[in-house]
1. Of the residues B:Val80, B:Val75, which single one is touching a residue at least 60 places away in the same chain (Cβ under 8 Å), β-branched (Val, Ile, Thr), surrounded by 15 or more Cβ atoms within 10 Å (Cβ to Cβ) and within 11 Å of another protein chain (Cβ to nearest Cβ)?
2. Which of the helices (runs of 4 or more DSSP H) found entirely inside region A:144-225 contain at least 2 residues meeting this: free of Cβ contacts under 8 Å to residues at least 12 places away in the same chain and over 23 Å from the mean Cα position of the chain (by Cα)?
3. Quick check: is even one residue across region B:89-97 outside any helix (DSSP H, G or I), β-branched (Val, Ile, Thr) and either free of Cβ contacts under 8 Å to residues at least 60 places away in the same chain or within 10 Å of chain A (Cβ to nearest Cβ) (or both)?
4. Run down B:Val200, B:Val169, B:Val181 and say which single residue is in contact with a Ser or Thr (Cβ under 7 Å, 6 or more places away or on another chain) and hydrophobic (A, V, I, L, M, F, W, C).
5. With the checklist (1) surrounded by 13 or more Cβ atoms within 10 Å (Cβ to Cβ); (2) over 25 Å from A:Gly199 (Cβ atoms) in hand, flag the one item A:Ser24 doesn't pass.
6. Name the residue, out of B:Glu105, B:Glu114, that is more than 9 Å from chain A (Cβ to nearest Cβ) and within 21 Å of the chain's Cα centre (by Cα).
7. Might you let me know whether region A:123-138 holds any residue that is in contact with a Ser or Thr (Cβ under 8 Å, 6 or more places away or on another chain) and within 20 Å of A:Ala107 (Cβ to Cβ)?
8. Here are the criteria: (1) within 11 Å of another protein chain (Cβ to nearest Cβ); (2) closer than 15 Å to A:Ser127 by Cβ; (3) buried (at least 18 other Cβ atoms within 10 Å of the Cβ). Tell me which single one B:Pro154 does not satisfy.
Amino acid sequence: MADFPAVFEQPELWAIVVLSLQVSLSAVGFATLAGLPLGAAIAVGRFPGRGATIVLLNALMGLPPVVVGLAVYLLLSRAGPLGGLGLLFTPGAMVVAQTILILPIIAALSRQAVEDAWREYDEQLRSLGVEGLRAALTVLWDVRFSLLTAVLAGLGRASAEVGAVMIVGGNIDGVTRVMTTAIALETSKGDLPLALGLGIVLIGIVLVLNAAAFLVKEAAQRRYG
Amino acid sequence: MILPLRLEEVSFSARGRAIIAPLSLELGAGPSTIILGANGAGKSVLMRLMHGLIAPTAGRVLWSGPNTRSKQAMVFQHPVMLRRSALDNVIYALKAAGIARHERERLAREALSEVGLLAAARTPARVLSGGQQQRLALARAWALHPEVLFLDEPTASLDPSATREIEAVIRGFDASGTKVVMATHNLGQALRLGDEVLFVHQGRLVERAPAERFFRQPGSAEAAAFIKGELPWV
């Protein structure tokens, strides 16, 4: 363990960190684009099967990453329905898997935030003659700091999971190796300094993200009540 | 002019339970009307039916003129403020009512000044005290210059001094020619602010009378019991 601090000088370590962030941030971007409107629509909409949809969405927050990985693997494999895209064992496949994994988290958490606000605002907005899309946008804007928490929860989940990226990415050195899969591999190989170094960076990123989310919400609470 | 407002055999029930029994009445412009009754008597529901927030199960709510939405306003028991400044909350309402952009800020400032909140114009609305938020809700209604203002127990969760301030603003509305329709279970408030009383009991309109006469000589046993404080509280 004497060479432990030296692992932070290896360009290899930082290449892995950068790829991890690229994959997870892309997945969060796509999942946010789809998840926020989906969550808001379920929060505000009244349709048959709404209760079941909410239960399903909440349950999907606990999707096991390996199962998502397996499903995406079957979709993208040569014989699968989307095999022609040639995405398997590329960062693109990892983005697809993580997007599916965190979409329910972002949709379910934003559904909750929007619905709570909607219950409060609905009558007042209708009294002012504000309805439909305009009312939805007003509420989304008013709960924007809660939505940030939902998005960061998704990012935390994406950057910390191993199973999905391992299966669809294949943990190929320099191509699809991210922090979590590298930690798993290096630990089994006995290269503990590198595994530990990556672990510290990973925890550091998750900590910084959560601290940022906390501070933004605190500031918003003080600023806007 | 959207008044008079007519309710024709209006009833409302939820989950099979009748909340408002078939009821007909006409509200004209002029003196303020107090909807008085115990908690759960149906005051709020009756007011929401009039304001159009809920649709009657049967019967019709008829206004006399067009564009009824922009000519009426409602202040709720718990004011709902958007997460923006006091001024911007009023401007939001003006925008929703279709007021031209260059007019909005001036009208909003006038309304804030009317309720004594001009100094707090830039303060985030949700940081204001309960009484201030309720005054802001009144300013938001004032800025729209509604023909009819509905007030649903506007002081039920306020302390006596905040209540006095709110009542002063409501009297200002009344003096400016807005028709004030207020629900309350507070007898003192009904006497202070009401010109006529609609007494509601268990979803029925039991009595309609000038306030002074209602309190001196109630025409129904229920109203007499309510005034004496003997009415079972549900």
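The values are calculated or read from the model by the stated rules, or taken from the named source; none is laboratory data. Since this is a predicted model, take the numbers as computed values, not measurements. As a convention, Cβ positions derive from the backbone with ideal geometry for all residues, glycine included, and neighbour counts pool all protein chains shown.
1. Details: B:Val80 fails: touching a residue at least 60 places away in the same chain (Cβ under 8 Å).
B:Val75 is the lone residue from the list that is touching a residue at least 60 places away in the same chain (Cβ under 8 Å), β-branched (Val, Ile, Thr), surrounded by 15 or more Cβ atoms within 10 Å (Cβ to Cβ) and within 11 Å of another protein chain (Cβ to nearest Cβ).
2. A:179-189, A:192-224
3. So far as region B:89-97 goes, no, none of its residues is outside any helix (DSSP H, G or I), β-branched (Val, Ile, Thr) and either free of Cβ contacts under 8 Å to residues at least 60 places away in the same chain or within 10 Å of chain A (Cβ to nearest Cβ) (or both).
4. On inspection, the qualifying residue turns out to be B:Val181.
5. Condition (2) is where A:Ser24 drops out.
6. Testing whether each residue is more than 9 Å from chain A (Cβ to nearest Cβ) and within 21 Å of the chain's Cα centre (by Cα) leaves just B:Glu114.
7. The answer is no, given that none of the residues of region A:123-138 is in contact with a Ser or Thr (Cβ under 8 Å, 6 or more places away or on another chain) and within 20 Å of A:Ala107 (Cβ to Cβ).
8. Result: B:Pro154 fails condition (1) only.
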